[in-house]
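The values are calculated or read from the model by the stated rules, or taken from the named source; none is laboratory data. All values derive from a computational prediction rather than experimental measurement. A quick note on method: Cβ atoms are made from the backbone with ideal geometry, for glycine too, and the neighbour counts reach across all protein chains shown. Heavy atoms of the whole protein, side chains included, go into the accessibility calculation; ligands, DNA and RNA do not. Shrake-Rupley method; radii C 1.70, N 1.55, O 1.52, S 1.80 Å.
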Amino acid sequence: MWVATLIEYSFKNAKWSDVFPSPVSAIDARHLALTYADGTEAVEDVSLDIPEGEFFGFLGANGAGKTTTIKMLVTLLRPTEGSVRVNGYDVADAPRRVRESIGYMAQETSIDTELTARENVRFACEAYGVPRGERAGRIDDLLDLVDLADVADKRAKDFSGGMKKRLDVATALVHEPPVVFLDEPTTGLDPKARNRLWDYFRRINDRGTTVFLTTQYLEEADQLCERIGVIKGGEIAVSGSPAELKSRVGGDVLELELDDPTDRDVERARAIAADSALVDDAAAVETTDDGIVVTSSVARSRGTDLLVSLRDAGLTITGFNVRSPTLDDVFLAITGEEYDVDGDDTDADATADPERAPGASR
Amino acid sequence: MSAETESDAGTAAGTGNSRAEASGNGFLTDTWVNLKRWMLKTARNPFVLTFSLLNPLMFLVLFTEVFGGVTGGAIGGSVGADVNYTTYLVPAIAIQVSLVSATTSGIGLVEDIESGMFEKALVSPMHRGAVFLGKSLSEVLRIVVQVCIVLTFGYVLLWLDTGGNTGPYVATGLPGAVGIVVVGIVFSVWFTAFSNIMALVTRDQESTMLSVNILQFPLLFLSSAFLPLESLPGWVRVVASLNPITYGIDAARALMFGRDVMSVVEVTAFGGVWNTLVPALAVLVTLDIAFGAVAVYYMARATSAEAR
């Protein structure tokens, strides 16, 4: 009975988190919408419920509404509709409480290049009211965390893009916030710098910090996140764990290259693959410039059978590759971006939801 | 902004419930934190600091050396025949220094907007008023130091020119010298507000720099800076009598000579120096409030979370 009472209470009373000092959700956004003054509906309906300690990835193409959403979560933009609670504080009623309890790293690197690395972190410590006695140690720890200890007293002006980003990360963490927002933190960085940042983000998350990360890099979300929300056109198109999302592609991906990919041979190969034991109701065959791509739950175990069939038909295979679906496959399948939708064979829906688009390849 | 402040105050009252997190500072601490950052930035740029002072000092030297010999007649009527042109010019240069400092205020704001530090402050728990107060105080401090340097430099120049026979210099003594600094600060507010308005409207460093710099020389020359109003040609005199610089310079000059030098409006009610100071400061304070209100409006707009 008391459970029912509690649930009832939670519905009646918006200040749920005041009753329980440790709210279940680090971020609780309900039906967020934001329309700019010029009528642009940047965000139409976004709801998020992110538990404490989760590494959440917010994935979307340019202009999908990622930055607008994150700015609503960190009190920089007031939602046109909907409500947000971060760490139990309402962004509209208690913006200062929210600001105290979050770290935010903007898409554009935000540091004072006239100051040294140490001075940048010190300013952040002071701005967030880190007690005087803890500052020096905290500054050293953070500069250590982002590998800038050896250049701590150099001016940030001379830092590389990656170093500036890392310094920006450090300044967002001075007050040990339970939630950290990272808006496309690795955009424009080389792979090495990006990999290093990923390590820091994992370390931050390992310390129990909830991380909300936006990215257009699918690999990044796959590498880091426990759960992903894909935003398209101002709404969350799909969400789930990387594994769940990958399973929506319908299996592993088998890529075959023909020695002489004439239209006729590619079409023959497609027909053979479509008739093979590989392809059941939930599989798809696509043609490419070089050959064919088969998505199948048995691509690994039965892939060689297809090779044999193709050889028997007189087709020479020069390339053969089986891989797990990447988030790229998932993202493109769901959002349809960058996909050539001229022909049935490359219809985006075919890979995203084979059951609903059976005509694409059968 | 005001609604936000109220609601935050409301929440602060109920902190008994809230979790133990790093908490923000009081208003004064926030002001100090920002003042420190801007002082550090100023100190990091000794060249900017030197050259912004060098320009007015060069004016002082060039004008006094080139025109010093022929201006006696023109300034005699206004401040007395035995007055050296250097003494006449130093108050104008003090105001010029304030003008230059005010110019850089907007440029600093644009830099912060462009570097993301502006947004960083907005997303921090710092009091927003304190963020801007701290920055402004660093500019005031700069004016204090630079005006003191101008006054000292002017005296040295005068001493060298006259072989130690300087005549009256800051006739009102130490309170007068402090007064000149205060006039410089009061004068700087409206132009600081103006350069910040340009920064918030253009959000671009070059545009801000251009729009405030282009005004600097016309404002300076079409004023009582180099010659008294009555010796200026017709239309220049009209512009000069409407130019805020004239009021700033007249106020500083009154303190320099210890007498009423205001020629735009004849006020006799207060006696001596005050006949210049009261109307001049009244004009400047009015301007400060008007420009300040517009700047606050734009600042509130720029810091609001309202979608635009």
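Annotations for the structure displayed:
- Semi-axis lengths, largest first, of the ellipsoid equivalent to the stretch A:160-211 are 19, 11, 9 Å, with √(5λ) applied to each eigenvalue of the Cα gyration tensor.
- When the charge dipole of the stretch B:27-303 is built from unit charges on Cβ atoms (+1 for Lys and Arg, -1 for Asp and Glu) and taken about the Cα centre, the candidate among B:138, B:217, B:155 whose Cα reaches farthest toward its positive end is B:138.
- Residue A:139 sits among other residues whose Cβ lies under 9 Å from its own Cβ, and their net charge, with Lys and Arg +1 and Asp and Glu -1, is +2.
- Gain on full stretching of the segment that runs from residue B:206 to residue B:242 - 0.36 nm per residue minus C-alpha separation: 10.2 nm
- Placing +1 on each Lys and Arg Cβ and -1 on each Asp and Glu Cβ, with no other charges, gives the protein assembly as shown a dipole about its Cα centre of roughly 3700 debye.
- Mean ellipticity per residue at 222 nm, deg cm²/dmol - from DSSP H runs of n ≥ 4 across chain B, formula -39500 (n - 2.57): -26000 deg cm²/dmol
- For the protein assembly as shown: accessible area per residue (Å², 1.4 Å): 44 Å²
- Taking every Cα-Cα distance in the stretch A:192-281 and sorting them into 5 Å bins starting at zero, the pair-distance distribution P(r) comes out as 2, 10, 15, 15, 11, 11, 11, 10, 8, 4, 2, 0 percent.
- For the pair A and B, total buried accessible area rounded to nearest 100 Å², probe 1.4 Å: 4000 Å²
- When B:58, B:209, B:256, A:163 are compared by accessible surface with a 1.4 Å probe, the order from highest to lowest is B:58, B:209, A:163, B:256.
- Residue-averaged beta-carbon neighbours from other chains (10 angstrom radius) around B:297-306: 2
- Divide the volume of the convex hull around the Cα atoms of the protein assembly as shown by the residue count and you get 224 Å³ per residue.
- Between 0 and 90°, nearest 10: helix B:128-162 axis offset from chain B longest Cα axis: 20 degrees
- Assigned charges on the beta-carbon of Lys, Arg, Asp, Glu; chain B dipole about Cα centre (debye): 340 debye
- Solvent-accessible area of residue A:93 with every protein chain in place, 1.4 Å probe, in Å² to the nearest 10: 80 Å²
- Average partner coverage of B:34-40, which counts Cβ from other chains inside 10 Å: 3
- Of all accessible heavy-atom area on the stretch B:27-303, the percent that carbon and sulfur account for (1.4 Å): 73 percent
- Entries of A:71/B:120; A:165/B:135; A:157/A:192; A:165/A:232; A:164/A:192; A:164/B:41 with Cα pairs more than 23 Å apart: A:165/B:135; A:165/A:232
- Computed over the stretch B:154-308, the range of Cα coordinates on each principal axis works out to 64, 37, 36 Å, biggest value leading.
- Hydrodynamic radius of the stretch A:56-147 by the Kirkwood approach over all distinct alpha-carbon pairs: 15.4 Å.
- Across peptide A:57-64, the mean count of Cβ atoms from other chains lying within 10 Å of each residue's own Cβ comes to 0.
- Largest-first ordering by accessible area, 1.4 Å probe, given options A:257, A:54: A:257, A:54
- The stretch B:182-262 shape via C-alpha gyration tensor axes, a/c threshold 1.5: oblate
- Efficiency of FRET between residue B:67 and residue B:269 - r from beta-carbon atoms, R0 60 angstrom, step 0.05: 0.95
- Top positive-direction residue, dipole computed over the protein assembly as shown with Cβ charges, set A:318, A:175, B:53: B:53
- Residues of the stretch A:115-164 that bury at least 20 Å² of accessible area once all protein chains are present, compared with their chain alone (1.4 Å probe, heavy atoms only, ligands and nucleic acids left out), are A:115, A:119, A:123, A:126, A:127, A:128, A:129, A:155.
- Sequence of B:127, A:175, A:31 when ordered by accessible area, the most exposed leading, probe 1.4 angstrom: A:31, B:127, A:175
- Extent along principal axes [Cα atoms of the stretch B:27-303; Å; largest to smallest]: 60, 35, 32
- 3J(HN,Hα) along the stretch A:210-218: 6, 10, 10, 10, 9, 7, 9, 8, 5 Hz, from the Karplus curve 6.51 cos²θ - 1.76 cosθ + 1.60 with θ = phi - 60°, whole Hz, x for Gly and Pro.
- Each of A:121, A:87, A:104 was placed along the dipole of the stretch A:58-143 (beta-carbon charges, centred on the mean Cα), and the one lying farthest toward the positive end is A:87.
- A loss of 50 Å² or more of accessible area (1.4 Å probe, protein heavy atoms, ligands and nucleic acids excluded) relative to the isolated chain is seen in these residues of the stretch B:113-143: B:117, B:119, B:120, B:123, B:125.
- Residue A:35 accessible area, assembled protein chains, probe 1.4 Å, Å²: 50 Å²
- Three-way shape label, the stretch A:237-285, alpha-carbon gyration tensor, a/c 1.5: prolate
- Fraction in percent of alpha-carbon pairs per bin - 5 Å, the stretch B:85-158: 3, 14, 20, 17, 13, 10, 8, 6, 5, 2, 0
- Amide H to amide H, with H built 1.01 Å from N, residue A:291 comes under 5 Å of A:258, counting only residues 5 or more places away or on other chains.
- Relative to the longest principal axis of the Cα atoms of chain B, the long axis of helix B:173-202 lies at roughly 50 degrees.
- In a reduced charge model with +1 at each Lys and Arg Cβ and -1 at each Asp and Glu Cβ, the stretch B:169-270 shows a dipole moment near 80 debye about its Cα centre.
- Alpha-carbon centroids, the stretch B:261-308 and the stretch A:49-103: separation in whole Å: 41 Å
- Hydrodynamic radius by Kirkwood, which averages 1/r over all alpha carbon pairs of the stretch A:10-168, in angstrom: 17.8 Å
- Solvent accessible area, Å² - residue B:174, 1.4 Å probe, full protein context: 140 Å²
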